[in-house]
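No value in this document is a laboratory result; all are computed from the given coordinates. Just so we're clear, the structure is a prediction, and the values are computed from it rather than from any experiment. Cβ placement follows ideal geometry from the backbone for every residue including glycine, while neighbour counts extend to all protein chains displayed.
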Amino acid sequence: MIYNNDIYNNEEKKKQQQTLIARRVQLLFTIVFIFFAALIFRLSIVQIAKGEEYLKIATEKSIQTIPIPAPRGKILDKNGEILVDNKVSYTVVFREEDWMTKDYILYLANQVAPIIQLPLEDVLKKMDTGYDAEGNRVIRKDPKFLEKDLKFDLKEQEISILSENRTALKGIDVVVKPVRYYREDRIAVQTIGFVRPYAVAETARATESYYKQRKDIYLPNQYVGMDGVEFSYEDTLAGENGAKKLLVNARGTLLEEVSVTKPLPGSNLYLTLDRRVQKESQEFIAQYLKELRQRPGAHTDTRQVKNAYVVAMETETGKIAAIISHPDYDPNEWIRGVDQDRYNDIQFSINNGTIRSAPYDARPKAIKESERHPSSMVPMGSTIKPLTVLMGLNEKIISPYDRWRDPVVYRYGRGTDSISNANKRDLGWLTPQIALQKSSNTYMARIAENLVSKGNSVQTFQRYHHHFGMGIQTGVQLPFESKGLEDYIDTSKRISALAALVQASFGQQERYTTMQLAQYTATLANKGKRLRPQIVDRIESREEIKVTQPEVLSEMEIPDLYWKVVLDGMKMVTQPGGTAVVPFQGFPYTVASKTGTSEQDMYVEYEPGKWKKDRRVENATFIAFTPAEKPKLAIAVVVPEGGRGTNSAAYIARGVLDIYDKYIGIGDQPRIPPGPVEIDETAAAQ
């Protein structure tokens, strides 16, 4: 009996265990079922309810659209001769891949740097992998999948070594790319400007706001305009970029190319310049300044003269016939790469001194030396006197038949202040015409004092200046143009309107650009009609040729008799007894002109915040238009530290006018026609 009970109990235990196991399995299956049901429910939400939203996010993350830079348009002279083009360049590039470690990247940079003759730091900076030369982490500038340009214009030896070591230098390749190319004879380089990578342009103070608005259409290493017409006509020259759609993984590695849209090339710009006139004028000025440094004038010291600025404008159209900012430099430097040492050298030549301030060429000394010399914007001197006389006539301060005895020393106000003519000359009896011919300071001071007595004198003075293009921008399509400096405004507030305008009446209280002086001169020639200076003659796009038309900015009605008085006085400047008779001896056309000499005190900082007078210099200025009765060309010249205008600036103007007459013609006689357009056969083949 006991035995049977044991057997029964064991069977009951087994049944209970099986039941328990079955319940546990059932519970497990229930939990698994619930889990999978929740997962399926969640996936249904992702795929069905929010499928489009998540698909869009996934697509945006995996498909990258990269612009393909369009070939920039060419820049040519008015006759179609190429000044700026695109040429093919053998370029070493770096393509980063996932497997590349820090050690390999540093190894690669150390191998490549001596081959392409660049510092290791520069190579790593261009590779943009997130490491510096010491292996420290730095911030990347561009996405990983972008191809990085390390150096353009490789030499044959560099190409050969890189090709031979292709296996050992994985990630490095030599490809052919188009790059900007500027002529070696440096035609109007500051006016044409230069290009730099977009990544530089969007961080540069002068161009930042413009390019940040266009960040979606440029590659970081795409070259864009930074100055000159390269920048002011960027939208025209840049063309329309194409695009590549790339499939990229989460780590930024390129998986495949999805599609390609071809770029459309930029339009071509034809400048208003004739290359022959521009080139020969530049060469003439460079040689003349060299001679001027070696033979200072009898009354002034020109041994330190290094800079000169010239603008010549067609009076009927406003088209610029010559624009010279000397010294110049080779803008191809920017393509080859400008390090700090090279920048220190070319910084004196980069700015276009005809439209804004440009420093004195202090090479080979440091920038500190340039502070001891005038910039390109100097007091305009006696070139303002035609406007002073015209204002005096139109405001009824003097009459066309005015006769006045030169007092030699003119005392104004309470009689304690005085001014005199150059060298305290007694110019005898003066009419408005003779006052211009002999450049009388006293006559102009008399006009200014009488203007002040009428009230609102500073406003009246400024109104005339602004109408003739001084104290406001000229409107030329070049970037970063200065409005000039109206020093007489500040002086009138600090001292008095009388003190300010007496000095300003003969050009000692205003500093303007050469472009402003040229527009002022052309406005005199056009009897009060002010034209916009034009630097582009026409734009040639794929669809059409757009020709630039003359644009009148303002007009001032002044009686013809007053214009005749001023014109006669300006014509007398190059006739016997005038201040520019010698430079224009033998010139075949009548010239209306005015010489100018401005005195300028230079100050240096001897302690922080403390300045002292270093010395006084004389700057030469000159304006003219010719033929006087039927003007065709107006010209303005500024030569800082050039002494008297008649000794330097007038000679430069004569030289440029002769060159223009040689190739274009000031009169009605036909001149040398442009020859066949030069073609670079190598570039054409490429």
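Straight Cα distances below 18 angstrom link residue 610 to the lysines 368, with same-chain residues fewer than 8 positions distant left out.
Which net charge results when you count Lys and Arg as +1 and Asp and Glu as -1 among the other residues whose beta-carbon is under 14 Å from that of residue 582? Walk me through the intermediate numbers first.
On the way: positive: 644, 654; negative: none.
Around residue 582, the surrounding residues sum to +2.
Using label points projected 7 Å from each Cα along Cα→Cβ, tell me how many nm separate residue 37 and residue 669, to one decimal. Once both label points are built, they end up 10.8 nm from each other. Centroid-to-centroid, using Cα positions, the stretch 505-538 and the stretch 552-573 are 14 Å apart.
Would you work out the relative contact order for the stretch 65-271, in percent, from Cα pairs under 8 angstrom that are 6 or more residues apart? Mind dumping the intermediate values first?
Values: 377 pairs, mean separation 69.2, N = 207.
33 percent.
Relative to the longest principal axis of the Cα atoms of the chain, the long axis of helix 514-525 makes an angle of roughly 50 degrees. Listed options for Cα extents along the principal axes in Å are (i) 162, 59, 54; (ii) 99, 68, 42; (iii) 99, 67, 56. The value calculated from this structure is the one marked (i). Length gained on full extension, residue 140 to residue 369: 78.6 nm, using 0.36 nm per residue less the C-alpha separation.
Relative contact order of the chain, please, whole-number percent, based on alpha carbon pairs below 8 angstrom and at least 6 residues apart. Write out the running numbers ahead of the final one.
Working: 1359 pairs, mean separation 92.1, N = 686.
Computed value for the chain: 13 percent relative contact order.
Full extension of the segment from residue 340 to residue 87, taken as 0.36 nm per residue of separation minus the current Cα-Cα distance, would add 88.5 nm. Using the Cβ-Cβ distance between residue 409 and residue 658 with R0 set to 41 Å, the FRET efficiency from 1/(1 + (r/R0)^6) comes to roughly 0.55. Once backbone amide H atoms are built at 1.01 Å from N, residue 614 has 602, 603, 604 as its partners under 5 Å, excluding neighbours fewer than 5 places away on the same chain.
For residue 246, the shell of other residues with beta-carbons less than 10 Å away shows a net charge of 0, using +1 for Lys and Arg and -1 for Asp and Glu. Here the residues 467, 326, ranked from fewest to most Cβ neighbours within 10 Å of their Cβ, fall in the order 467, 326. Of the residues 105, 31, the one with the fewest other Cβ atoms within 10 Å heads the list, and the complete ranking is 31, 105. Between the stretch 218-252 and the stretch 79-157, the alpha-carbon centres lie 18 Å apart. When you filter the GluC sites (Glu not before Pro) in the stretch 53-158 for DSSP loop state and at most 13 other Cβ atoms inside 10 Å of their Cβ, you are left with 97, 134.
Charge tally for residue 359 (other residues, Cβ to Cβ under 15 Å; Lys, Arg +1; Asp, Glu -1): +1. Can you pick out the pairs among 424/483; 125/483; 290/630; 148/319; 306/662 whose Cα atoms lie more than 30 Å from each other? Checking Cα-Cα distances, 424/483; 125/483; 290/630; 148/319 exceed 30 Å. Cross-link pairs exceeding 25 Å in C-alpha to C-alpha distance, out of 527/632; 396/632; 102/151, comprise 396/632. Cβ crowding within 10 Å, taken as a proxy for footprinting-reagent exposure, orders 176, 452 from fewest neighbours to most as 176, 452. Specify the angular offset, from 0 to 90 degrees and rounded to the nearest 10, of the alpha carbon long axis of helix 102-116 from the longest principal axis of the alpha carbons in the chain. Orientation of helix 102-116: about 40 degrees from the principal axis.
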